[in-house]
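Colleague: A single structure is presented below for examination.
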Amino acid sequence: MNEVILLLLGAGLVGAGVLMRQRQVPAPGPVPAPAPAPQSPIAQAVESAVQAVRPPVYIPQLPAVQGFAPLRPGVDQGLPRGIRNNNPGNIRATGTQWAGQVGRDPDFVVFSDPVYGIRAMVRILRSYRARGIVSMGDIIATWAPPHENDTQGYVAFVERETGLGRRQTIGEAEYPALIGAITRKENSINPYSAPQYAAGIAAANTEGVYA
């Protein structure tokens, strides 16, 4: 009798063990990473343009210019404010949300890449043209108004730098020279290459949610 009871108890324990093994929940597998958010058309255009002009490095090794320390790739020390902010035109933060804008400093827009800063300069110049501001002198007077700049000195600088006359009508063909001169006037240096300016101008043709 005792042997029968022991056999039954043993069988019950074995059955319970099998049932427990059957009820074990498998360990969860790794959680898949969320799919990256799709890039906006502007971001795609800028990324393509940026990749097309690398190398050279965006901030090349340059000698000291008018009191600024030599520039070193990826290092902010000694950089003029506009170059440090990737905002070569020193565009003020006025509430407009620009493509590529990542902050403000505190009065000027900070861009994630200089191509975005150049793009914004082109967009502003095109807005001037839409308002009938087309001569080089009028463009500079609007960009750097007399109440806060030596506008006539600025115009004379652009004339010397580019050969453009103050009464000359400025079109898209003159944008690289004009933007390069504005960059140098605003920052005392112009560290960007012709392909970078071309990339910013091309990116300005892409419309999107942002300016």
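The values are calculated or read from the model by the stated rules, or taken from the named source; none is laboratory data. What you see is a predicted model; the values in this text were computed from it and never measured. Methodologically, a virtual Cβ is constructed for each residue, glycine included, from the backbone with ideal geometry; neighbour enumeration extends over all protein chains shown.
Colleague: Could you pull out the residue among ALA99, ALA120 that is surrounded by 18 or more Cβ atoms within 10 Å (Cβ to Cβ), closer than 26 Å to ALA202 by Cβ and at pLDDT below 95?
Modeller: Unique residue meeting the criteria: ALA99.
Colleague: Moving to a separate point now. Could you tell me whether ALA156 is of a type in the set (A, V, I, L, M), surrounded by fewer than 16 Cβ atoms within 10 Å (Cβ to Cβ) and in contact with a helix residue (DSSP H, G or I) (Cβ under 7 Å, 6 or more places away or on another chain)?
Modeller: no
Colleague: Taking helices (runs of 4 or more DSSP H) that do not extend beyond region 140-211, which have at least 2 residues that are touching a Ser or Thr at 6+ places or on another chain (Cβ under 8 Å) and in contact (Cβ under 8 Å) with a residue 24 or more places away in the chain?
Modeller: Counting at least 2 such residues, we get 175-187.
Colleague: Tally the residues that are without any contact (Cβ under 8 Å) to a residue 40 or more places away in the chain and not in a strand (DSSP E or B), restricting the search to region 83-122.
Modeller: Of the residues in region 83-122, 12 are without any contact (Cβ under 8 Å) to a residue 40 or more places away in the chain and not in a strand (DSSP E or B).
Colleague: Say we look at region 159-177 and pick out the residues that are within 23 Å of the chain's Cα centre (by Cα) and not small (Gly, Ala, Ser); which of these is surrounded by the most Cβ atoms within 10 Å (Cβ to Cβ)?
Modeller: TYR175
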